[in-house]
Amino acid sequence: MMGEHDVRTAHMVASVLLGYPDERLYGARPVLAEAVAGLPAGQVRDRLAAFLRHVEVTGQGELAAHYVATFDLKRRCCLYLTYYAYGDTRKRGGALLRFKHALRAAGFEPADGELPDHLAVVCELSGRGAVREARRLLREHRAGLELLRTALTAERSPYADVVAAVTATLPAAGPREREAALRLAAEGPPAEEVGLEPYAVMEASR
């Protein structure tokens, strides 16, 4: 396993790469490339470097269009980790609160009102120093993370490299996690369409 400092660096880079590809990403390419080059040799460094090479040769508009088509329009390519286990059901509200509490404990508030279970937000939480808390959340939702990686690979999306880099910072998936990922791949997330109202209600009462 990588040391904590390297995990923080890898996760902070991933948090930028998994956000919407705007001027921030393109302006930060030299800094991101330098950070990745300083990581230990291995899959994490190789995968992040591969995505940065893709950014170098891809226009911002083209990458942004791919981002929207992939993450906003494909059900199995969702960056919100609780979606895989709970879909749009009422149980998702409680799961979101676990992420919210972890962020609050670290004194971190996501920008632009982003939901706390967005993979980029969880990676930024780690990058800001709450490595143990962020990895716990990632491991709790490992099945969804693996399904996301598999779906992106099937779509031949360059974002598969970034998600694979994140999963490579975690301990190897155990039998239960692999079984859960296979079940999700076969059945998909629950489909009860109730939105996130319970989350909003629970937050308003706190």
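Those residues that are modelled with pLDDT under 95 and under 18 Å from Thr82 (Cβ atoms), I need them from the range 151-164; list them, please.
Ala151
Run down Leu125, Leu152, Leu137, Leu147 and say which single residue is under 14 Å from Tyr67 (Cα atoms) and touching a helix residue (DSSP H, G or I) at 6+ places or on another chain (Cβ under 6 Å). Don't jump to the end; show me each part of the working.
Details: Leu125 fails: under 14 Å from Tyr67 (Cα atoms); Leu137 fails: under 14 Å from Tyr67 (Cα atoms); Leu147 fails: under 14 Å from Tyr67 (Cα atoms).
Criteria check complete, one pass: Leu152.
So, Ala85, is that one out of contact with any Ser or Thr (no Cβ under 9 Å at 6 or more places or on another chain) and surrounded by 18 or more Cβ atoms within 10 Å (Cβ to Cβ) or not?
So Ala85 fits the description; yes.
I need the full set of residues from the range 97-125 which are assigned to a helix (DSSP H, G or I) and either charged (D, E, K, R) or under 14 Å from the mean Cα position of the chain (by Cα) (or both), in order please. Please lay out each step first, then the result.
From the range 97-125, those assigned to a helix (DSSP H, G or I) are 97-105, 111-113, 119-125; that's our starting set.
Of everything in the range 97-125, those that are assigned to a helix (DSSP H, G or I) and either charged (D, E, K, R) or under 14 Å from the mean Cα position of the chain (by Cα) (or both) turn out to be Arg98, Phe99, Lys100, Arg104, Asp112, Leu119, Ala120, Val121, Val122, Cys123, Glu124, Leu125.
Checking the conditions here, which among Arg149, Arg135, Arg156 is free of Cβ contacts under 8 Å to residues at least 24 places away in the same chain and either surrounded by 22 or more Cβ atoms within 10 Å (Cβ to Cβ) or assigned to a helix (DSSP H, G or I) (or both)?
Criteria check complete, one pass: Arg149.
Report, ordered by the first and then the second residue, all pairs with beta carbons closer than 9 Å, sequence separation of six or more or different chains, a first member in the range 57-84 that is in contact (Cβ under 8 Å) with a residue 12 or more places away in the chain and farther than 14 Å from Gly19 by Cβ, and a second member that is in a helix (DSSP H, G or I) and β-branched (Val, Ile, Thr).
Pairs that qualify, where the first residue is in contact (Cβ under 8 Å) with a residue 12 or more places away in the chain and farther than 14 Å from Gly19 by Cβ and the partner is in a helix (DSSP H, G or I) and β-branched (Val, Ile, Thr), are Arg76/Thr150; Cys77/Thr70; Leu81/Val122.
Does the range 2-24 contain at least one residue that is out of contact with any helix residue (DSSP H, G or I) (no Cβ under 7 Å at 6 or more places or on another chain), under 22 Å from Ala151 (Cβ atoms) and either in contact (Cβ under 8 Å) with a residue 24 or more places away in the chain or surrounded by fewer than 21 Cβ atoms within 10 Å (Cβ to Cβ) (or both)?
Checked against the condition, which is being out of contact with any helix residue (DSSP H, G or I) (no Cβ under 7 Å at 6 or more places or on another chain), under 22 Å from Ala151 (Cβ atoms) and either in contact (Cβ under 8 Å) with a residue 24 or more places away in the chain or surrounded by fewer than 21 Cβ atoms within 10 Å (Cβ to Cβ) (or both), the range 2-24 yields no hits at all.
Tell me the residue from Arg45, Arg53 that is basic (Lys, Arg) and in contact with a Leu (Cβ under 7 Å, 6 or more places away or on another chain), please. Walk me through it before giving the result.
Working: Arg53 fails: in contact with a Leu (Cβ under 7 Å, 6 or more places away or on another chain).
The conditions single out Arg45.
List the number of the failed condition for Ala181; all other conditions in (1) crowded, with 20+ Cβ neighbours inside 10 Å; (2) outside any loop (DSSP other than H, G, I, E, B); (3) at pLDDT 85 or above hold.
Just one mismatch for Ala181, condition (3).
It is to be established whether one or more residues within the range 35-45 are of a type in the set (Gly, Ala, Ser) and without any contact (Cβ under 8 Å) to a residue 24 or more places away in the chain.
yes
Go over the candidates Gly42, Gly61 one by one and state the one that is at positive phi and either touching a Ser or Thr at 6+ places or on another chain (Cβ under 8 Å) or loosely packed, with under 15 Cβ neighbours inside 10 Å (or both).
Checking each option against the conditions leaves just Gly42.
Applying the selection to the range 19-49, what residues are hydrophobic (A, V, I, L, M, F, W, C) and outside any helix (DSSP H, G or I)?
Ala28, Leu39, Ala41
With the structure loaded, tell me whether Leu52 is over 21 Å from Glu146 (Cβ atoms), surrounded by 18 or more Cβ atoms within 10 Å (Cβ to Cβ), touching a residue at least 12 places away in the same chain (Cβ under 8 Å) and under 18 Å from the mean Cα position of the chain (by Cα) or whether it fails that test. Write out each step before concluding.
Working: over 21 Å from Glu146 (Cβ atoms): yes; surrounded by 18 or more Cβ atoms within 10 Å (Cβ to Cβ): yes; touching a residue at least 12 places away in the same chain (Cβ under 8 Å): yes; under 18 Å from the mean Cα position of the chain (by Cα): yes.
Judged against the criteria, Leu52 is a match.
The values are calculated or read from the model by the stated rules, or taken from the named source; none is laboratory data. Everything quoted here is computed from the prediction, not taken from an experiment. When we count neighbours, we look across all protein chains shown, and the Cβ atoms used for this are built from the backbone with ideal geometry, even at glycine.
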